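Here is the structure we will look at.
The values are calculated or read from the model by the stated rules, or taken from the named source; none is laboratory data. Just so it is clear, the model here is predicted, and its values are computed rather than measured. Positions of Cβ are backbone-derived with ideal geometry, glycine not excepted, and every protein chain shown enters the neighbour counts.
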Amino acid sequence: MEILVCVKKVPDTADAEVVLRPDGRGIKEEDLAFGINEWDNYAVEEAIRIKETLGGRVTVATIGSADSEDVLRRCLAMGADEAIMVEAAPFKGSDPYGIAKGLRGVVAKGSYDLVLAGVQAGDDGFGMVAPVLAGYLGWTHATLVTSISLEGAKVAVTRELEGGLEETLRLALPAVLAIQTGINEPRYVSIMGIRKVRSKAIPVLDLAAVGLAAGEVGESANMLREIGLAVPPAGTEAEMIRGTPAEVAQKILDIIRERGGVA
Amino acid sequence: MQPYREVFWNIGYHYIFYSLAGLATAIFLYGLARRWRLWRSGWLEKRSGSFDWKLVLQRIFLNASIFKGDPLGGITHICIMWGFIVLFLGTALSTVDHWIISYLRGGLYLVYAFVLDMAGAALMAGIALAYLRRYVFKRERMVTVVRDHVVLILLFFIALTGFMVEGFRLRAQTLQWHEPSPVGQWIASVSGLSVPGARLAHRLTWWVHSLSSLFFIAYFPFSKFIHVFAAPVNVTLEGMGFNPFLTLEEREALKSDFSFRQLIMLDACTQCNRCTVVCPSSIARETLKPRAVIDEVGRFVRRKSGFGFLPGRAGDASLPKARAVEGDPVWFCTTCSHCYRECPVAISPMDVIREIRTARVEGGEDVPVNVQEMLESVYKFKNPWQGAKGKRMDWATGLDVPLLQEGVADSRCFYVGCTFAYDSRLQEVPRAAVAIFKAAGYGFGVLGKDEVCCSEFVRGVGEDGLFTELAGQNLDAFARYGVREIVTPCPHGFHTFSNEYRRMAPPMGGRTVRHVSQVLEELISSGAVHLASCGERTVTYHDPCFLGRRNGVYDAPRNVLKSIPGVRLVEMKRSRERSLCCGGGGGRMWIEAGEGEKIAEIRVREAAATGAGTIVTACPFCFTNLDDAVKTAGFEGTVVVKDLTELVAESLERRSAG
Amino acid sequence: MAKVFVVVEHRQGAIRDATFELVTLARELECAFGLEPAAVVIGHNVRHFALTLSKYLPETIVVESEALENFRYETYAAVLKDLIEKETPLVTLCPHSAFGMELFPRLSVETGRPCATDCVKVEMDNLNFVVVRSIYNGKINSRLALGSSGGYLITVRGGSYAPAVEGARAGAIRDVPPPAFGAPFRTEFLGYREAAAGAIDISQAPFLLSIGRGIKDPENIPKAEELAAKLGAVLSCSRPVVDKKWLAKERQVGTSGRTVKPKVYLAMGISGAFQHLAGIKGSGVFIAVNRDSKAPIFRAADYGVVEDMFKIIDALKEKSGR
């Protein structure tokens, strides 16, 4: 079983303050913590578990530069066998189509049965790369996958729907699966573990190596062009309750009583 | 004729004895060699301190550490130990006398005989006392294992038969002097045997005594008796200042699971259980018992190395160190070091537990999920609270805090610490510190957003790699800003800057490290700050393990409290070195507690029992744990928890207010 | 005349609400730019859906076949590709749901038309589309221009438009035969599965105390449980709490959890990810407590408190009589 997992390094913006750069063309990154995209982490763990059960190899790939190497090494330390870096420069500003084209080139260089990726990236949240990649490859796909069961030349998956409902499908391999969070519990990787794989070679592929020509990807080739970033309008903001915790608690209780919740 | 003892008197078949003796000795040496090889398979620690001969003298020769807290135990052991040593020396001297040069004659011989009798009596009395202590006085601490009986009864039997041999000999011999062997003489007189009868009895008991002694010699290195060698060696190494800290490169190059000293520790243990009695986790009835850990790990190591009587019995060398202790106990250690402090022979179950944690963390298995998340947070956010880097200085909003980046007089770094920086309640503490420093004109600067986690407890849970990375970042920052002194309100930072950081690069050099309580003491006593009363209050001080027991700072915080007018300080039963941990160290802030009363709740109860209305802490984890425990144990309204620095700042404010 | 298609999402015999939000958008595009809206119903025995939609839009296209009984991208994409190539709508809309996420990006490749996903606003500028998307945990809005093409595919975030109301007219219904499904299928629908049903049904609770990542530690869950008990509320949570297995899935509020319509929704330590907010409906009062003043939840709540949630929990426990 040859598995490719596509990963992305993203900033963690959950609790951080996100500030636009003065030129308005991006956000300030200095105070942000970067790491592997949460969904992709689950995908890597899932791939390694499949390998541990059925045998085979796991390769992780990213479109990144030298500072994304730590993400790849972490995946290697988790148990991936190989890592591939696709040089990011030509892909700067690429939309999901451009990214998928690059990844298609990576898939073409191997003989994979399964490609896993996270459902979406924590920064832009398109959720497109996996199904678009499947389209380019002509493979089957499934998104929001919460369980995988390999059955010979097919794979049975569960997809997460709304309202706690799930559906099961069977797909013919090769397939691209977009993995949902919570599918497993990713293992811990220690620094010592990462050090152990520090000498593993990570090939860097240029544009030609992934079968693309200049101008096929990058901002100029985008079907989705970013034309502006802005802080969302305040809109109807919440009415803020201020005071000491005791005062605030009293006001909250008053509101609750007023609105029918008995407190 | 001069008084002397004829060796082998009345005994024939010397060759049988010598063959057996030779065999026993060979087995003894073989056993010792195997033990030694096992110990030497461990990696060597480096020395950090200078030799503490006083420690060695007191512990080994005087058994001072056994007497501590248990005078009866001390007497028991010293009788057994010195009784045994003297008797052993006696036999050695006799052998020299018989084979090499006859000198045990005359007066010397009489002294010799008397001393040996007293030694034998002491040995037997000691063993009898041991049994009384265990079964009649029923010391609660005692844990009984079959092995212990074998050891004691064997010794008792050997001593007893030895006296019987002597007694029968004295009955059967007609000596021209009175041999001053009181016990022997007594046995001779009450034996009721005729001379030929005594000769027969003598011959019989001599062989019984010899064979049991030879068995003892052969059995020695394979049994609990090995502590006779292991314990003094461990204490000596301790006295020489050996320390298990390793750099990452050294750790990577390790070929064995435990260090030389840790392996000796495992054999130095006699299962006295003192460590467990003071362990906060055991006190809270969790599954961790340090004594059991040492026992389990000892068994593991012996199994793995194939140690045993039969040569060449291969152990299961594929067993990973992570399996040395089964289950959760490994994660309940708070690294308070009370076990190490209490152990009479300087064993540190805490260090052994940490070694096992390193294996679990490296393997990524059996690591509690929250610990994993904490480590991932430290890796990603450089602090364990998933706090955004941009918010690290939020505590200082509106305060005009100097940044080291901008150049600061005295190059003094006020290292805030992650918990004080991000916890909204505890942010009051660095704010209070800043207010005090400013009032005193005490120069300082902060690292600001460049400050990363001291990672003391990251190392405590076994993630040495991550610890090294973050420590390196702090050390780089200290170097970059020419920091000459570090002051921190967090004992964990204080501990690791003072200890592990000093063994890393870039070097700490002459940088001094102080806890804020030490600075407050200085500022108060020098008159740089003046304090006024904020009312009468009775307080009790909870010693943080990483300030007190692990680094010996007990007085500074107390002096500070005593200098606050209106504050009356009372001590808890367990204070200073004997202080009960709050349960927050060793990564326990992120580990789910066991069922039942929490460590912190037990501590709060103890604090409330002093009658104090305020518990004063000097550590963010202690504060959090005790504050939570005050609520969950139902002391809300009766007892309040305050940080030392806050208390001082409050007294400061009142002064300027009126 | 340029057309706008609304793909009707339905499951287990019911049309999903998000569809009607798309109707509003389609009508907007009709008013502003003169696009002709039409609904597209794909499935098996779905005529009654078409009847419903015909009350909202002037035209409803129905494509029926047994092979379309249960949704699979393979069949639905083939149907839509065929339809789009024949009818050439300028834009085709779909909810950004499990259905839309599975279908539209793939359809985009099959039809060669650009797709923009999870859009909160759709505008037109000279037959070119501009969409607004919410990124970086809802803290930044990004405007995207879609490259020029004969047709566009857009999935729309739920709750971005108000659900439409029925029109006066009844529209026309037109049947279109499905394309021939050529090669053998490579996908197979096996069935639905309810997440393990538990004893709690938060969707019926009138008062919910909801906790999120801010709870930090499973050890703190009992504190929240105690408060919920004291207040007479039912405990619910956001996704991260369930992902970590600290609370059962049945307590999750959100698109992949339960939809709730309580009289009072008290959210603590929840940042306000859209997927969570989408699960809160109705006109109850929404109070949010979060220590981050910039948390997106404050845009959705009626009342906000910027404070450490544990302080508020403690204060509420003290103040509430019980």
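Can you spot a residue in segment B:606-616 that is farther than 22 Å from B:V516 by Cα, surrounded by 24 or more Cβ atoms within 10 Å (Cβ to Cβ), under 24 Å from the mean Cα position of the chain (by Cα) and not hydrophobic (A, V, I, L, M, F, W, C)?
No, there is no match, as no residue in segment B:606-616 is farther than 22 Å from B:V516 by Cα, surrounded by 24 or more Cβ atoms within 10 Å (Cβ to Cβ), under 24 Å from the mean Cα position of the chain (by Cα) and not hydrophobic (A, V, I, L, M, F, W, C).
Condition first: more than 9 Å from every other protein chain (Cβ to nearest Cβ) and under 22 Å from A:I84 (Cα atoms). Now tell me which residues in segment A:134-159 satisfy that.
Across segment A:134-159, the qualifying residue is only A:L137.
Going by the conditions given, is B:T638 out of contact with any strand residue (DSSP E or B) (no Cβ under 6 Å at 6 or more places or on another chain) and surrounded by fewer than 22 Cβ atoms within 10 Å (Cβ to Cβ)?
yes
Just give me the residues in segment C:294-322 being more than 7 Å from chain A (Cβ to nearest Cβ) and more than 28 Å from B:K631 (Cα to Cα), in sequence order.
Scanning segment C:294-322 gives C:A295, C:P296, C:I297, C:A300.
Which of the residues spanning segment C:125-138 are of a type outside the set (G, A, S) and in contact with a strand residue (DSSP E or B) (Cβ under 7 Å, 6 or more places away or on another chain)?
C:N128, C:F129, C:V130, C:V131, C:V132, C:R133, C:I135, C:Y136
Return the total of residues in segment A:1-58 being part of a loop (DSSP other than H, G, I, E, B) and within 20 Å of C:S134 (Cα to Cα).
Matching residues across segment A:1-58 total 18.
With the checklist (1) part of a loop (DSSP other than H, G, I, E, B); (2) over 27 Å from A:V60 (Cβ atoms); (3) among the β-branched types (V, I, T) in hand, flag the one item A:T181 doesn't pass.
Of the numbered conditions (1) part of a loop (DSSP other than H, G, I, E, B); (2) over 27 Å from A:V60 (Cβ atoms); (3) among the β-branched types (V, I, T), the odd one out for A:T181 is (2).
Given the conditions (1) surrounded by 16 or more Cβ atoms within 10 Å (Cβ to Cβ); (2) in a loop (DSSP other than H, G, I, E, B), and given that B:G596 satisfies all but one, which numbered condition is not satisfied?
Result: B:G596 passes all but (1).
I need the full set of residues from segment A:1-24 which are in contact with a strand residue (DSSP E or B) (Cβ under 7 Å, 6 or more places away or on another chain), closer than 27 Å to C:G272 by Cα and not hydrophobic (A, V, I, L, M, F, W, C), in order please.
Result: A:K8, A:K9, A:P11, A:D12, A:R21, A:G24.
If I filter segment B:167-206 down to residues being part of a helix (DSSP H, G or I) and polar (S, T, N, Q), which single residue comes out as surrounded by the most Cβ atoms within 10 Å (Cβ to Cβ)?
Applying the filter and picking the extreme gives B:T205.
Which is among the hydrophobic types (A, V, I, L, M, F, W, C) and either within 30 Å of C:A301 (Cα to Cα) or touching a strand residue (DSSP E or B) at 6+ places or on another chain (Cβ under 7 Å) (or both), of A:L253, A:L212?
Residue meeting the stated conditions: A:L253.
Please specify each residue of segment A:186-224 satisfying the condition of being more than 14 Å from chain B (Cβ to nearest Cβ), surrounded by fewer than 20 Cβ atoms within 10 Å (Cβ to Cβ) and in a loop (DSSP other than H, G, I, E, B).
Hits for segment A:186-224 are A:K200, A:A201, A:I202, A:P203, A:D206, A:G211, A:A213, A:A214, A:G215, A:E216, A:G218.
Identify, please: which residue in segment C:126-154 is without any contact (Cβ under 8 Å) to a residue 60 or more places away in the chain and among the aromatic types (F, W, Y) and is, among those, surrounded by the fewest Cβ atoms within 10 Å (Cβ to Cβ)?
In this case the residue turns out to be C:Y136.
May I ask you to say which residue of B:R568, B:R537, B:R558 is touching a residue at least 40 places away in the same chain (Cβ under 8 Å), among the basic types (K, R) and on the phi < 0 side of the Ramachandran plot?
B:R537
From the list C:S134, C:S142, C:S149, C:S160, which one is within 26 Å of A:P232 (Cα to Cα), at pLDDT below 95 and either part of a helix (DSSP H, G or I) or within 11 Å of another protein chain (Cβ to nearest Cβ) (or both)?
Answer to the selection: C:S134.
Quick grid of which residues meet (1) within 30 Å of B:D70 (Cβ to Cβ); (2) within 14 Å of chain A (Cβ to nearest Cβ); (3) over 21 Å from the mean Cα position of the chain (by Cα):
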{"position": "B:G315", "(1), (2), (3)": "no, no, yes"}
{"position": "B:C333", "(1), (2), (3)": "yes, no, no"}
{"position": "B:T358", "(1), (2), (3)": "no, yes, no"}
{"position": "B:G363", "(1), (2), (3)": "no, yes, yes"}
{"position": "B:P368", "(1), (2), (3)": "no, yes, yes"}
{"position": "B:M393", "(1), (2), (3)": "no, yes, yes"}
{"position": "B:A396", "(1), (2), (3)": "no, no, yes"}
{"position": "B:C413", "(1), (2), (3)": "no, no, yes"}
{"position": "B:C418", "(1), (2), (3)": "no, yes, yes"}
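Looking only at segment C:50-81, which residues are under 12 Å from C:V7 (Cα atoms), more than 14 Å from every other protein chain (Cβ to nearest Cβ) and part of a helix (DSSP H, G or I)?
C:A50, C:L53, C:V79
Identify all residues within segment B:71-81 that are crowded, with 18+ Cβ neighbours inside 10 Å and either in contact (Cβ under 8 Å) with a residue 60 or more places away in the chain or under 27 Å from B:L104 (Cα atoms) (or both); write none if there are none.
B:G73, B:I78, B:C79, B:I80, B:M81
Could you please let me know if A:T59 is without any contact (Cβ under 8 Å) to a residue 40 or more places away in the chain and away from chain B (no Cβ under 12 Å)?
Answer is no for this residue.
Look through segment B:82-115, keep the residues that are of a type in the set (G, A, S), in contact (Cβ under 8 Å) with a residue 40 or more places away in the chain and surrounded by 13 or more Cβ atoms within 10 Å (Cβ to Cβ), and return whichever of them is farthest from B:E6 (Cα to Cα).
B:G83
Looking at segment A:225-250, which of the residues that are within 7 Å of another protein chain (Cβ to nearest Cβ) and among the β-branched types (V, I, T) is surrounded by the fewest Cβ atoms within 10 Å (Cβ to Cβ)?
Checked segment A:225-250; the qualifying residue surrounded by the fewest Cβ atoms within 10 Å (Cβ to Cβ) is A:I227.
List the pairs whose first member sits in segment B:241-255 and is part of a loop (DSSP other than H, G, I, E, B), whose second member is at pLDDT below 90, and whose Cβ atoms are under 6 Å apart, counting only residues at least 6 apart or on separate chains?
B:G241/B:R47; B:G241/B:S48; B:G241/B:G49
Keeping to segment C:244-264, report how many residues are facing chain A (nearest Cβ under 10 Å) and either under 20 Å from the mean Cα position of the chain (by Cα) or over 23 Å from C:K223 (Cα atoms) (or both).
Total meeting the criteria: 10.
Among the listed residues A:R25, A:R74, which satisfies the condition of being in contact (Cβ under 8 Å) with a residue 12 or more places away in the chain, within 14 Å of chain B (Cβ to nearest Cβ) and more than 22 Å from A:S111 (Cα to Cα)?
A:R74
So B:S348 clears everything in (1) within 10 Å of chain A (Cβ to nearest Cβ); (2) within 23 Å of B:R251 (Cα to Cα); (3) small (G, A, S) except one condition, right? Which one?
(1)
Checking B:A359 against (1) assigned to a loop (DSSP other than H, G, I, E, B); (2) of a type outside the set (V, I, T); (3) surrounded by fewer than 24 Cβ atoms within 10 Å (Cβ to Cβ): exactly one of these is not met. Which one?
(1)
Check off (1) touching a Lys or Arg at 6+ places or on another chain (Cβ under 7 Å); (2) in contact (Cβ under 8 Å) with a residue 60 or more places away in the chain; (3) more than 30 Å from B:T610 (Cβ to Cβ) for B:R511 and give me the number that stays unchecked.
(2)
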